[in-house]
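Enquirer: One structure, as structure tokens, below. Some questions next.
Throughout, read-outs are computed from the coordinates displayed, never taken from laboratory work. Just so we're clear, the structure is a prediction, and the values are computed from it rather than from any experiment. All Cβ positions, glycine included, derive from the backbone under ideal geometry; neighbour counts span all protein chains shown.
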Amino acid sequence: MALAVGLTPEILPMVVTVTLSRGALRMAAKSVIVKRLASIHDLGSMDVLCTDKTGTLTEASVHVERSVDGFGRDRPRVLELAYLNSFFETGVKSPLDDAILEHTEVDTTGWKKIGEVPFDFERRRVSVLVDNGITRLLVVKGAPEDILSLSSLYEGDSPEDLHPLDKGVLAQINAQFEALGQNGFRVLGIAWRQVGPECSHAAIGDEIELTISGDVLTIKGEKKKKEEKKGEKYHYVERFSGSFERSFRLPAEVNTDKVEAAFDKGILTITLPKSEEARTKEIKLKIK
């Protein structure tokens, strides 16, 4: 008994390693290569696994879906303010800025930049001070929750129609943000503050008592088109060799019934029918 107790701690790492190795072999039989044995344990402890890869359903680009106020009403003014902010921002522009700047219908004629407070990850917002000869505005764009925490007013039907941002309205706007987020939208908060002509530069201390146009920008990933940009159509075909399975993208005119695939000594060979521009493709697989 004493010998068994003494050996258990010594052989336990070996037992765990062998057990995980057997799990890796079972995964390999399903065409999954395990690079780290500990991941077998991680996989076994999961209840729900969610995966995504940019490029499968989207084009790795975003576009402005809607510009609405905090109550969900369409508001073109939101996009105008956001465009001014992104247009005059001199820092590194994000994909969200690129999506906003696609809307070249927004007219910036007459507006000029006076100052700027660049984006940083602590504030999570960027501010620009702009002037059109009549009005001087500090336009702030950033994370909705941070924009709301700096706002004391909200915009009604017009820039002149301003109301106090009380708890009831704040709850409604927060609910709108959450609803948009649950529907897969990336939400940006837009707020502004009118300043006097004597204000000649922008500072972090100016980002107080803002007016949220009750406004948000909702941005969503752009779905891939069914056809490739070159105009060529493709379809997918699957071929099996024992427990090995692989999908191929082939031109639409290829007769998939005549496509041959063979897997031998780590080499997968695909042969297209001779009637097409026949070629062979070899894919070397290293399976450990």
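Enquirer: Contour minus end-to-end for ALA143 and HIS103, with contour as 0.36 nm per residue of separation and end-to-end as the Cα-Cα distance?
Expert: 12.3 nm
Enquirer: Quick one: order GLU207, GLU178 by neighbouring beta-carbon count within 10 Å, fewest to most.
Expert: GLU178, GLU207
Enquirer: Sorting VAL92, VAL48, VAL16, VAL195 on the 10 Å Cβ count, fewest up front, what's the list?
Expert: Placing the least packed residue first, the sequence is VAL48, VAL92, VAL16, VAL195.
Enquirer: Given a Förster distance of 51 angstrom, what is the FRET efficiency for LEU12 paired with PHE121, based on the Cβ-Cβ distance and rounded to 0.05?
Expert: 0.70
Enquirer: As a footprinting exposure proxy, order CYS50, CYS199 by other Cβ within 10 Å, with the fewest listed first.
Expert: CYS50, CYS199
Enquirer: Pop the C-beta distance of ASP47 and ASN174 into the FRET formula with R0 = 22 Å and round what comes out to the nearest 0.05.
Expert: Computed FRET efficiency for ASP47 and ASN174 comes out at 0.15.
Enquirer: Label ASP166 and ARG73 with points 7 Å out from Cα along Cα→Cβ: what is the distance between them in nm?
Expert: 1.8 nm
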